[in-house]
Amino acid sequence: MDKTYNHKLHEKDIYTFWEKGGYFPPSPKATEGQGKPFTIIMPPPNANDPLHIGHARFVAIEDTLIRYHRMKGEPTLWLPGADHAGIETQFVFEKRLKEQGKSRFDFDRDTLFKMIWDYVQENKGVMENQLRILGASCDWTRNKFTLDPEIQKIVYKTFKALSDDGLLYRGDRLVNYCTVCGTGYSELEVDRIERTDPLYYVRYKKIDSADYVVVATTRPEPIFADTHLAVNPKDKKNKDLIGTKVLNPLTKQEMEIIGDEFVDPEFGTGIVKLTPAHDFNDFQVAEKHNLPIIRAINPDGKISQAGGKYAGLYVKKARAAIVHDLQENGLIEKIDDKYQHVVGICYRCKTNIEPMTREQWFVKIRPLADKALQAVKKGEVKFAAERFEKIAIHWLKNLRDWNISRQIVWGMAIPAWQCKECNKWIITDSEAPMECSCGSRNLVQDPDTFDTWFSSGQWPFATLQTTEPGDFEYFYPTSVMNTGYDIVPFWVLRMIMLGLYTTGNVPFKNVLVHGLVRDAQGQKISKSKGNVINPIEMADKYGTDALRMGILWGALVESDIALSENNIRGQRNFGNKIWNIARFVLSTPLVSNLQSPTSNEDDERILKELNESIKKITDALDQYRLSEAAEELYEFVWKKFADVYLEKTKDRRGDAQPTLLFVLQESLKLAHPFMPFITEAIWKIANKQYSVNSPQGFFKEEALITARWPAS
RNA sequence: GGAUCCGUGGCUCAGCGGUAGAGCGUUCGAUUCACAUUCGAAAGGUCAGAGGUUCGAAUCCUCUCGGGUCCACCA
């Protein structure tokens, strides 16, 4: 054995040994299944991106749990996958096109899809190999991609079922629209930022007098499309205005002032303009009062035809022109240019979100959310940390209908065809329909694709229903869903809702939410800050084991962690400590006539301490307290075993050898879920040396990965 | 505005009702003996502040201050 452990000499070979040796698929197989299986569906990383440090964290967490349960002898399945990450990927791809002086509009739909498909297939392997580098013991024979045809079939079935159950509707609804990305976004994908913008006080002349009413607005540009103003009927100073008629300052059309309680009397003058086609509040009010909804801004970000002379201008230019015109006519009373408010911006490209009406598919969320809410409250889905249950419940109570269409190419096409004769929609879960019930064959498929979360929300059952026969029946509901708290509302809740809807059962019994990985100072990691930690680089430098221990060490799973290189280096040293314990212990041959246990008090003490540590580590793992388990392991191996016990055996080596071997063997088992490579490497050496010629049968299993977890 | 979390030694974090803990960092010392990716030792905290509950509080309650995160229709 070398003086120090060199991870580069072992990691690759060991992973190959595991993968080729078939240690990852569940054993026994589902169809022969006995006992309770342990299952984790891996949150599929973006197929297109290399892994970042956050992925390393979920690998460390999930692989540790998986290896622990596998060693306990449970049929253990960790199902890997890759996500097509619709908007995200198309965004990146379009950036590449741009570098080549092209854009998505240079290609037809099918060509573009094919191009992105090839691009993603090319990159997907990178991500998968990085999972291997990180030691992920997932079952590659069951690997899935979110756009696999068999997954798509399942998603289509769900879509059709939602339609048949009346939970799907197509409505001319207001959506958050990004004019740059060319797509509608769900509420969740809109970032809110605080910003200072001018607040314009615009005069509206009363029709029956020379007086004005003044309206404060940050959005003067759609004024031409406004037909009503509103005041709060409880607002003493303004309530008398209800019913008053004024003139639209741009079109000179007559406008009526209505009363609605949504108006905040404290904002501006207490009088607001209603722009139902581009504001969520106003839209609601318009629906309530049956007001016309006139589009002022087109999906391309330009002013609509209704804008008259402003039509075709981009919003910003139109605003300047309109403000200028209003000023010329003395219709702007003042401009408060220090007005702070919160605006929605696109979470991808940071462009202003324009709420606008667009035909979209919506899922009625209440029936789904109510069931999910019950399941959470009844504990059918448990959150390992209570506070995330609270957050989930809060969300489930407040969810709105879910817009599941996206106007992008890179995604799963929506299996809905519209008849051009009678405008009816035909939804199918199999072949494209040939003709409409009206007899027409002029059918056009919806050009939209599904929201990524609509398909990935079905991931747990869609994967298991399309792997090996019997998998779904055996492994579903899965044991644990582990994911970052940033996507609990996006993903976890949708999986619960769609899982319950489609299978009648929750998709997983436990939710283990993990925190973010931050830099050593606790700063959020971002490319712009330049504090990115590349997990693959760290694994290369210090070894995967050290990286994984470094990540698990020091903070609870659900908290954010501040990851420093020092920390990883410290764990590399710990690995080396294990290596040298083994070097010490394995350097002395076992005298075969010595029977263990001996009656030496040091031996007895270390065996007692070993038992205590086994118990603590096992308990901690069962409660997902991985940092506690890792710390107990560290403490036992380094302090109790190496520093104290091992030192004391130096003058009685022959006598202590059975105990040394036993404690080393058990320590390797305890350490394996956390540090799989180095422990397997040592095990191989020990197995060669001892499995045959020790009467106690030390290190007898061929591979540590499937050796039995120690019993306390 | 609502929700939620956090404030413990220089740094990053455990502990969550019974005499203050770890890792890193710092200081001092050791070292041909498995490991300098080492070993031994030390310094360093009135557990944000103020009240309260309790025989007893870092740990429970209230308030204040300071940070973070998520949500929200304030145009």
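The values are calculated or read from the model by the stated rules, or taken from the named source; none is laboratory data. These figures come from a predicted structure and were not determined experimentally. Positions of Cβ are backbone-derived with ideal geometry, glycine not excepted, and every protein chain shown enters the neighbour counts. Protein only, heavy atoms only, side chains kept; ligands, DNA and RNA dropped before computing areas. Shrake-Rupley method; radii C 1.70, N 1.55, O 1.52, S 1.80 Å.
Details
- Taking only the C-alpha atoms of region A:497-576, the Rg (one decimal) and the largest Cα-Cα distance, Dmax (whole number), read 16.7, 51 Å.
- Taking packing as the residue-averaged number of other Cβ atoms within 10 angstrom, the listed peptides A:37-43, A:87-93 run from highest to lowest as A:37-43, A:87-93.
- Pairwise FRET efficiency - A:Leu516 versus A:Trp638, Cβ, R0 = 30 Å, nearest 0.05: 0.55
- Taking the empirical scaling 2.2 N^0.38 Å for compact globular proteins as reference, region A:134-268 has a Cα radius of gyration ratio of 1.75.
- Solvent-accessible area of region A:612-712 (1.4 angstrom probe, protein heavy atoms only): carbon and sulfur portion equals 49 percent.
- Per residue, region A:240-283 exposes 42 Å² of accessible surface when a 1.4 Å probe is rolled over the protein heavy atoms with every protein chain present.
- DSSP finds beta bridges in chain A, and of those with both partners inside it, around 70 percent are antiparallel.
- Cβ-Cβ distance of A:Lys12 and A:Phe267, R₀ of 60 Å, FRET efficiency by 1/(1 + (r/R0)^6): the value works out to about 0.40.
- Per the Debye calculation on chain A with a single equal scatterer at every Cα and no solvent contribution, log₁₀ I(q)/I(0) for q = 0.07, 0.09 Å⁻¹ amounts to -0.61, -0.88.
- Look at where the Cα atoms of region A:214-228 and of region A:487-530 average out, and the two centres are 40 Å apart.
- FRET E, pair A:Leu556, A:Ala210, Förster distance 56 Å, beta-carbon r, rounded to 0.05: 0.25
- Region A:53-129: Rg to Rh, with Rh as the Kirkwood radius over Cα pairs: 1.19
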